[in-house]
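Written below as structure tokens is the structure these notes are about.
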Amino acid sequence: MKRWILSLVIGFAPLLVAQVPNQEVVLSTSAGSKLGIAVPKPSVVGITEEQAGRELHETLLRDLEEAGPFAVLKERQLKSGDASNLKAWVEIGTDWLVTLKAGRPSAEGSDKVSRIVGDEVEITAQVMDVKSAKAVFSKKYRGKDAVLRRIAHSLADDLVARLTGEKGVAATRVVFIRQLSPLIKEVFQIDRDGSSPVQLTHHKSLTLSPTVALDGRLAYMTYKGGPPEIWGQTKPGGPFEKLFPAKGGPQGPCTTPVWSPNGKRLAFVQGDKRGNTDIVVLDVGTGRVRRLTDSNCINTEPTWNPAGTQIAFTSDREGTPQVYLMEEDGSNVRRLTVEGAYNGSASWSPTGSMIAYVSRFEGKFDLFVYKLGEGKSYQITTGVSSSESPDWSPDERRLVFSSGSLGGMQLYTTDLSGNTLRRLTEFSGCQSPKWTRTR
Amino acid sequence: MRFNRTIISAALMLSLGAGIACNKPAAAPKVDEEAVKRAAAEEAARKAAEEARLKAEEARRQAALAAEAARKAEAEKAEAARKAEAEKLAAYRAAAEAALKDINFALDKSAIRDTDKPKLQIVADFLKAFPQAKVQLEGHCDERGTVEYNLALGDRRAHAAKSYLTSLGVVEDRLSTISYGKERPKVEGKNEQSWLINRRCEFKLQ
């Protein structure tokens, strides 16, 4: 079902042809080291080498490099022989050799004559384990020319899945806020590799705090009508509509929406008449609202655990902003962060084992990860400028966050060691990234 | 031939005679009298019509003059009213401009500082002087907080200002609040002076 939705959204259908039956996780390299993978230039028929090179080959190489478990070997590294010689690849440490064919799919008509089908492109990927000389992967991908990059992302994700048993994140996207003018911010999305930015909202207003449900539905807050309101989609791909406050119901500023894991509830933050803010949960189907916190302080920045049974949030109930946990009904509140005078922006990891957050020191924020099993925090970034609003990659290997000075914020991703920092955006004024598989 | 001439002569004579007979004074006076009468009546009617036309024209002229004068007076009155209104508005705006000055806050705090209390007294005095005025209190923060927490903190700053103003006697429903967190800084710059300017509550006439 999920695969079907994905195909519909990105516009191509993976064709499973001659699937290798043996699909167990392959870990043919020694523990801790990376698997050497080589992808010679694709052979092309019907499309230009330039297009296949740029959009398919280069995109795939970059995806594999960024995936984590692969060491990507290049043709220029070959010591002897030509690229068609298996031994030449083995010599430089290749484990997997990926053969790509790109061409126009042909359909056999009644007259048995092949004909080219429009601007459709068909990619055949075959992977050979060169040491055992056995095929480990074979798959055909089909789509319009325009989705060559997406096909490369899907192939990269499939290869990661073949190796690790868990799908990669090459085909994921990041939804974020971008400043368009001093008074206008809108919701945008961008591919994980920084390509194809798309503006999603057009409120011509201050619009903040995007959240993406697992089925792709977007919600956010906007000052479109004056005081901030919660807007979003009630159906995947549906129009953006006001979700709260309801007409005729109690008004008041509403900020910071976060979809529950099952997408039926929306946690957000509502201000009261005395300037306190509380976390409330809206059941989107019934319109019923439940207040989870009630104290004379700030309660904000809710984030759900993946089971939807607990919420982590920021509160200054003990004097300074700290991260707390509570049950989904607001009971059993306990403090999570103990060090530092300012901790916030908690984001629960996809498996539930970690919580990323920011901690302020000398006026700047750095990213930290709290490992619930260990009850310990680890510092991820040590930046010259402030790093804010962390969110997890769907495979839990990386964090996306904003960093930079006021008005010049950019989006970056980092692994949990903080060693491989990558810049995602090339335009300033970006904030509040949310990493998703489903848009 | 002779006979013919005689006839012609006789006819001439007759016609001449008839012509003479027509000019006889005995028939003339009757005809003249009627014509004169008619002419006189016509002349009188014409004069009367002319007089009436002139009168009507004069009346119209007078009416137009009066209307013009009335219009002028009305326009002058409206202009004067407009001027008075504009002056009043200008005075109101000037008073607002003079009275509605930002107050600032300590880092992470929303308490009203003692140094800002006189500013809030001036805001309250302005609201007392102009009973129609409504003000929106906008809470803002510097960049050294998270996006979301700052939305809450800005809200609290706006409410702190509102609460202080109501304690000075301002009716609550003349004051609305909104927070922009750190989304709309007043100045750029990474230094204490810029941060202090950005940690503020602004007062906006509604």
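Counting only strands (runs of 3 or more DSSP E) wholly contained in region A:81-136, the ones carrying 2 or more residues that are modelled with pLDDT under 80 occupy A:106-108, A:114-116.
Scanning region A:34-80 for residues that are polar (S, T, N, Q) and modelled with pLDDT of 90 or more returns A:SER43, A:THR59.
Give A:LEU155, A:LEU206 a once-over and let me know the one that is buried (at least 19 other Cβ atoms within 10 Å of the Cβ) and over 30 Å from A:GLY408 (Cα atoms). Going through A:LEU155, A:LEU206 in turn, just one is buried (at least 19 other Cβ atoms within 10 Å of the Cβ) and over 30 Å from A:GLY408 (Cα atoms): A:LEU155.
Determine which member of the set A:VAL369, A:VAL338, A:VAL358 is surrounded by 15 or more Cβ atoms within 10 Å (Cβ to Cβ), assigned by TED's automatic domain parsing to the domain that holds A:VAL258 and farther than 24 Å from B:ASP142 by Cα.
A:VAL369
When each of B:GLY139, B:GLY154, B:GLY145 is tested for being within 12 Å of chain A (Cβ to nearest Cβ) and touching a His at 6+ places or on another chain (Cβ under 7 Å), the lone residue that passes is B:GLY154. Residues in region B:166-181 that are over 18 Å from A:CYS254 (Cβ atoms) and either in contact with a Cys (Cβ under 8 Å, 6 or more places away or on another chain) or surrounded by fewer than 22 Cβ atoms within 10 Å (Cβ to Cβ) (or both): B:THR166, B:SER167, B:LEU168, B:GLY169, B:VAL170, B:VAL171, B:GLU172, B:ASP173, B:ARG174.
Pick from region A:341-355 the residues that are outside any strand (DSSP E or B) and away from every other protein chain (no Cβ under 13 Å): which of them is surrounded by the fewest Cβ atoms within 10 Å (Cβ to Cβ)? Spell out the reasoning first.
Taking region A:341-355 and keeping what is outside any strand (DSSP E or B), we get A:341-342, A:349-353.
Narrowing further to those that are away from every other protein chain (no Cβ under 13 Å): A:349-353.
On the way: A:SER349: 22, A:PRO350: 15, A:THR351: 11, A:GLY352: 16, A:SER353: 16.
Within region A:341-355, the match that is surrounded by the fewest Cβ atoms within 10 Å (Cβ to Cβ) is A:THR351.
One line per residue, one yes/no per condition, for (1) surrounded by 15 or more Cβ atoms within 10 Å (Cβ to Cβ); (2) farther than 20 Å from A:LYS167 by Cα:
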position: A:GLU50; (1), (2): no, yes
position: A:LEU60; (1), (2): yes, no
position: A:ASP63; (1), (2): yes, no
position: A:GLU75; (1), (2): no, yes
position: A:LEU78; (1), (2): yes, yes
position: A:ASN85; (1), (2): no, yes
position: A:LEU97; (1), (2): yes, no
position: A:LYS101; (1), (2): yes, yes
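Among the residues examined, A:GLY344 qualifies as assigned by TED's automatic domain parsing to the domain that holds A:PRO261 and touching a helix residue (DSSP H, G or I) at 6+ places or on another chain (Cβ under 6 Å).
Taking into account only those residues within region A:280-321 that are touching a residue at least 40 places away in the same chain (Cβ under 8 Å) and hydrophobic (A, V, I, L, M, F, W, C), which is farthest from the other protein chains (Cβ to nearest Cβ)? Result: A:ALA307. When each of B:SER163, B:SER176, B:SER194 is tested for being within 11 Å of another protein chain (Cβ to nearest Cβ), assigned to a helix (DSSP H, G or I) and either within 23 Å of A:PHE361 (Cβ to Cβ) or in contact with a helix residue (DSSP H, G or I) (Cβ under 9 Å, 6 or more places away or on another chain) (or both), the lone residue that passes is B:SER194. Can you tell me which residues in region A:368-391 are out of contact with any Lys or Arg (no Cβ under 8 Å at 6 or more places or on another chain), of a type in the set (D, E, K, R) and in contact (Cβ under 8 Å) with a residue 12 or more places away in the chain? A:LYS371, A:GLU388 - these are the residues of region A:368-391 that are out of contact with any Lys or Arg (no Cβ under 8 Å at 6 or more places or on another chain), of a type in the set (D, E, K, R) and in contact (Cβ under 8 Å) with a residue 12 or more places away in the chain. In the condition set (1) part of a loop (DSSP other than H, G, I, E, B); (2) within 8 Å of chain A (Cβ to nearest Cβ), B:LYS186 is compliant with all but (2).
The values are calculated or read from the model by the stated rules, or taken from the named source; none is laboratory data. Predicted, not measured: the structure shown is a model, and the values here were computed from it. Positions of Cβ are backbone-derived with ideal geometry, glycine not excepted, and every protein chain shown enters the neighbour counts.
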